[in-house]
Each structure stands twice: as C-alpha cells, then as structure tokens.
1. Between beta-carbons, use under 14 Å as the cut-off and find the net charge around B:Asp142, counting Lys and Arg +1, Asp and Glu -1.
2. So if I take the centroid of the Cα atoms in region A:88-113 and the same for region A:180-215, what is the distance between those two points in Å?
3. Mind checking B:23-30 for the average number of partner chain beta-carbons within 10 Å of each residue's beta-carbon?
4. What is the antiparallel percent of DSSP beta bridges lying wholly in chain A, to the nearest 5?
5. Residue by residue through A:131-138, how many Cβ atoms from other chains fall within 10 Å of the Cβ on average?
6. Could you check the spin-label model distance between B:Arg47 and B:Ile199? Points 7 Å from the Cα along Cα→Cβ, value in nm.
7. Under a 10 Å cutoff between Cα atoms, tell me which one of B:Thr56, B:Thr208, B:Thr46 has the largest fluctuation in the Gaussian network model of chain B.
8. If you take every DSSP beta bridge whose two residues both sit in the protein assembly as shown, what share of them, in percent to the nearest 5, is antiparallel?
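Throughout, read-outs are computed from the coordinates displayed, never taken from laboratory work. The structure presented is a predicted model; accordingly, all values stated were derived computationally and were not measured. Don't worry about glycine lacking a Cβ; one is built from the backbone with ideal geometry, like all the others, and counts go over all protein chains shown.
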Amino acid sequence: MKRSELIFERPAQLAATTPAEARGVERDSGRLLISTPAGHTHAQFNELASFLRRGDLLVVNDSATLPASLPARGAIGAFIVNIATDYGGGTWLVEPRQSSSQPGALPLSAGDRIVIGADDGIASDGRIAARLIAPYPGLPRLWFIVADGDLRPVMAATGAPIRYGYVSERYPLSVYQTVFANRTCGCGSAEMPSAAYPFTRRVVDSVQDRGVEIVAITLHTGVSSLEVESETVEQHPLYPEPFAVSAATAQAVNTAHASGRRVIAIGTTVVRALESAWDGNEVHPARGFTRAYIHPARGVHVVDGVLTGLHDPVTSHLAMLYAIAGQDVIRAGYAEAVRAGYLWHEFGDSHLIMTR
Amino acid sequence: MRENKNALITGASRGLGAVLAAFLAGQGHDLVITARGANELKAVRTRLAGFGGAVTAIEGDMTDPAHRAALIDAAARLGGLDILINNASDLGATPLPPLAAYPLDILRRLYEVNLIAPLALAQIALPLLQKRNGLIVNVSSDAAKGGYPGWGGYGSTKAALDLVTLTLANEADGYAAVSVDPGDMRTVMHQAAFPDDDISDRPLPEVTLPFWAWLFGQNRSAINGGRYGAQSEKWQPVREVTDETV
C-alpha cells in the first residue's frame with residue numbers, strides 16, 4: 001500500500017486540547033461515530049450500549065499509564081526523556097525530546113551519559129544516571145539506554161504523563177488512567193491506551209446490562225509513532241510492545257468465534273495483541289513482545305470491529321483500520337467526522353468501526 | 001558498586017557480531033571479542049573503547065583449540081561469563097552447490113567451524129557461565145529449517161547446532177542456551193551467498209537490536225531452550241516464571 005493512501009485533510013482546529021475533567025463534564029460526554037458497511041451514524045459516547053448486541057465480546061486493554069515523561073540533562077544541557085518501553089535488566093527504549101512540543105532531534109551519541117530525573121534531586125530516588133546504547137534501527141529519534149539502577153522509582157518520584165504540544169496544560173496522572181487500568185503491577189504504558197478514556201462506570205454498566213461480555217488483554221504502549229515516511233506503508237518501522245493475552249481471554253475470544261458472536265477491540269492496542277496471539281486457527285494465551293504490524297496486506301483475523309479515537313493522517317494506525325474495515329469505509333467515516341467537527345487525539349471523540 | 005557483566009562474542013569483527021559487541025559494550029559489559037581478521041577486529045575494539053568497558057580482542061581461528069582456550073582464559077580474568085555468543089560461522093562452498101555435488105572436504109571443514117567449534121567453546125565456557133547463571137547464544141539460520149536448494153551444507157550445520165543448543169538447554173545446570181535466527185540481513189556472508197544479487201533491500205544487522213535488548217533482559221530460565229527469530233513477529237519466553245511481569 002502506498003503512503004499516499006493514508007493522506008487525508010484534517011483541519012488543525014479539530015483537536016481535543018483538554019480532558020473532560022478540565023471542562024467539568026463526564027468522560028462519556030464526547031461524540032461517537034459509528035461506521036458500518038451500511039453507513040455512518042452520529043451518537044454520544046454514553047449511548048454506546050445501544051450499538052452493541054447481546055453476546056458481543058468487548059476486549060479492553062488493562063494497561064495503566066505511567067508517569068513516563070521525565071526531565072533529563074547531559075552534555076547538551078536540559079531536555080526531556082519520554083520513557084517508551086522497559087526491556088528488562090535496566091535497558092529501556094526512550095525518546096529524548098527538546099520539550100513536550102518539540103521532538104528534537106537532539107545531538108546525542110552512543111555512549112553519552114545522561115541524568116534522568118529532577119535536577120534539584122534532594123531525594124536519591126529523584127534521579128538516576130544512564131547511558132545511551134544505540135539508536136533504534138530506522139527510528140533514530142528513539143534510543144536504547146541503560147540505567148544505573150531501577151528507573152521505576154525515579155518515574156514515580158519525578159515523572160509526569162507524556163504530553164504533546166496540542167495539550168497546553170499539565171494534568172495529574174489520574175486523568176490519564178482508564179477505568180480498566182490495572183494499577184497493581186507497577187508496570188504500564190508510556191501513553192494512555194486512550195480508546196477507553198471515555199468509558200465511565202455507567203457506560204460499563206450499561207454495556208454489561210445489554211448482555212455484552214468484557215474481557216482484558218494487556219499491552220503496554222510505547223510513545224506515539226510519527227508519520228509514515230517510507231514510500232510504502234509496509235516499510236514503515238514499528239517498534240515492539242510488551243503484551244499478554246491470558247488463557248481466560250483467549251478462551252473467551254475462541255468461544256465467541258465458535259458461536260458466531262462479534263469480537264470488538266477497544267483500541268488499536270487490543271487489535272495488535274489479539275492478532276499477535278492468533279495462530280491461523282484460534283487465539284492462544286501469549287506473553288512477550290509483539291512486532292505485529294496490522295495493515296491490509298497482513299489482514300485481520302480475530303476482531304470484527306474496533307472502538308478507537310480518530311487517527312492522524314499518514315499514520316500506521318490508519319493502515320490497521322483499513323485492514324479491519326476497508327479503505328472506503330474508513331475514508332468515508334473520516335470525511336464524515338471532519339464534516340461534523342469531531343475532535344482528534346486522546347481526549348477527543350470516538351469511532352466505532354464494525355464490519356458486521 | 002554492581003559486579004560488572006561480561007560477554008564473549010565470536011565473529012565480532014563485522015556484521016552481526018560487531019553490532020552485538022557494540023550493544024553489549026553500550027549496556028556496560030566487559031567484552032572478549034574474536035575474529036580472524038586482525039585489522040577489522042582492532043577497529044571494532046577501538047570503536048568500543050568509547051563505552052569505557054574493558055575490551056579484550058584476540059584474533060584467531062575458532063577451530064583451533066589453543067585459540068578457544070585463550071578466549072576462555074581472557075574471560076576467566078574478567079571473573080566469569082554472563083553471555084557467550086557463538087556467532088562466527090562459515091558459509092561453505094560458494095557458489096552454493098547442490099548437495100549432490102557438495103565437496104565433502106569442504107563440508108567436513110564447515111562442520112568443524114559451525115558445529116564443533118561453538119560446542120567446544122561452550123564446553124570450556126560452562127564453568128564460567130555457571131558462576132553467573134550465564135546465557136549461551138548460538139546464532140542459527142532460517143536455512144536450518146528451509147531445505148533450500150544449495151543451502152544443504154550450511155543449513156545442515158545450523159540444524160545440527162540447533163539440536164546441540166536445545167540439548168545443552170535441556171541439560172542446563174546453572175546456565176541457559178538459546179538459538180537465534182537473525183533473519184535476512186545485508187552482510188558480507190549474505191552477499192557471498194548471493195554474489196550476483198543486489199541485496200541493498202535487506203536490512204542492516206542493526207535491525208536485530210530490539211530483539212537482543214529483549215533477549216538479554218529476560219529471565220534466563222524463561223528463555224532456556226528457545227529458538228528465536230530476531231525479525232519474527234513476536235518474542236515470547238518458552239515458559240512462565242513466577243517473578244515475571246509483562
């Protein structure tokens with residue numbers, strides 16, 4: 001698929017710049033666009049249940065959000081480090097940035113020593129020394145680093161949720177936790193698995209009252225990917241993310257398939273995890289890192305639909321949506337969303353895409 | 001201060017071996033590196049010096065028992081081994097002949113380089129690995145399974161190495177062993193296998209770095225006996241261990 005097939009016009013003002021909390025409204029007060037082969041429907045997110053059927057299986061991502069954006073300094077001065085992924089043994093993938101709104105590129109080299117955490121760090125767990133190992137192959141803005149100790153307490157002490165330029169204010173970590181977040185493991189996502197942001201307890205209840213089952217996978221997101229720059233969509237490098245599909249969730253998906261019920265992913269992360277656990281016949285329990293890149297040439301085998309936000313032009317997420325529902329449905333849906341003034345990004349509006 | 005970690009890498013003068021050496025040095029390992037090309041090996045050592053760890057570079061032929069012993073002596077001086085990477089290997093006869101016409105003297109020599117030498121090195125490295133609950137990585141190939149015409153010599157040495165790895169893993173006591181198929185890469189060996197092809201569309205060996213970062217970060221008993229594809233769609237432990245989170 002050519003890169004140009006991911007291009008569409010999204011007016012810059014169609015961006016959600018504040019969370020519901022800051023506007024004094026419920027998270028479920030946003031809009032919901034429903035796209036099916038039969039057409040497109042506008043609704044409110046809190047009406048989600050009425051677009052689901054008894055027996056549908058919703059699969060959510062229970063990964064919590066980490067305070068993954070930390071101050072850092074090195075020979076080049078002060079910058080910020082967004083922590084993407086824990087590789088174990090003190091090795092992490094990170095994105096050094098000029099600031100939340102300026103990505104860089106920073107003049108860093110392999111072997112550079114940096115200090116991550118608060119500059120004034122009076123408490124010893126407020127900062128940690130680290131060394132740059134190597135840039136990520138094909139994505140040189142990302143670096144593997146090795147920390148001199150455990151980075152997690154430093155994150156807890158001095159980190160903030162990752163924020164980009166279109167969100168001007170800082171908000172507490174709680175704003176970045178979904179209702180499904182499992183906060184018991186100390187692990188989590190660099191960025192909120194934001195498809196579930198608009199779920200409130202009452203929406204969950206209304207969905208369950210409808211006879212819809214909800215199960216979870218875990219996929220810890222890394223930092224947002226940038227635009228596809230390669231000539232073809234398939235050449236775009238995607239980095240792996242840690243994921244787990246439990247035996248119970250695999251069983252629930254296989255049972256839904258066997259009885260012809262729909263499987264609906266709440267977010268692109270869930271699609272990535274479930275498709276990674278598919279062996280050609282069924283979903284198996286799985287745990288590890290997945291590099292799965294879901295695009296039309298690879299295809300989709302597990303999910304019948306996805307509930308997600310609205311994705312930027314020329315991103316790999318669009319290729320995933322094309323793989324699920326076809327380019328025509330997605331393009332028509334996005335034209336409808338632009339026409340009706342839907343809002344993009346993590347605090348924005350929602351899009352339920354169903355193939356049947 | 002933490003005890004320093006050590007790694008021994010064969011075939012470290014170029015390609016995948018050199019990339020692995022740089023990554024492990026970057027992670028803070030002290031290294032013993034070896035290859036047959038003295039100048040290239042020296043150049044790699046110079047590049048790694050910037051990471052600040054100790055780098056011992058010993059030129060030699062892996063089929064020479066005295067050379068293998070010298071490598072293990074160097075590792076012993078570092079205090080033990082956390083990682084042994086058997087990366088050095090030969091392609092065998094080129095252009096790749098069908099098995100029907102494979103020169104048997106070349107095949108015997110290929111088994112010496114690709115099978116006997118890595119096993120021999122692992123045998124004498126075991127005491128050092130056992131001190132550190134160390135990891136043996138034997139670099140394998142897609143050719144070990146493919147049955148591709150022309151690849152019978154090289155592929156069969158790697159298939160045998162895979163079984164050696166799995167058996168070492170099943171016999172493991174205080175160490176772990178894995179096979180890794182790095183996948184297609186733009187390397188000197190790949191070009192030698194396809195002398196008339198343009199291989200510039202193949203990724204450089206750096207493409208495997210995320211895999212190595214993952215592998216080295218895993219609990220050793222969780223990956224023991226695994227056969228991994230560095231460019232495959234997912235990497236999973238082969239068994240659950242209780243202290244692991246996602």
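1. On the way: positive: B:Lys145, B:Lys158, B:Arg202, B:Arg227; negative: B:Asp162, B:Asp181, B:Asp184.
Computed value for this residue: +1.
2. One Cα centre to the other: 31 Å.
3. Working: counts 5, 1, 3, 10, 9, 6, 1, 0.
Going residue by residue through B:23-30 and averaging, the value is 4.
4. Values: 51 of 69 bridges.
Antiparallel bridges make up about 75 percent of those DSSP assigns within chain A.
5. On the way: counts 5, 2, 10, 9, 2, 4, 9, 4.
Neighbouring Cβ atoms belonging to other protein chains average 6 per residue here.
6. 1.7
7. Comparing B:Thr56, B:Thr208, B:Thr46 in a Gaussian network model of chain B, the most mobile one is B:Thr46.
8. On the way: 53 of 98 bridges.
Bridges in the protein assembly as shown that DSSP calls antiparallel: roughly 55 percent.
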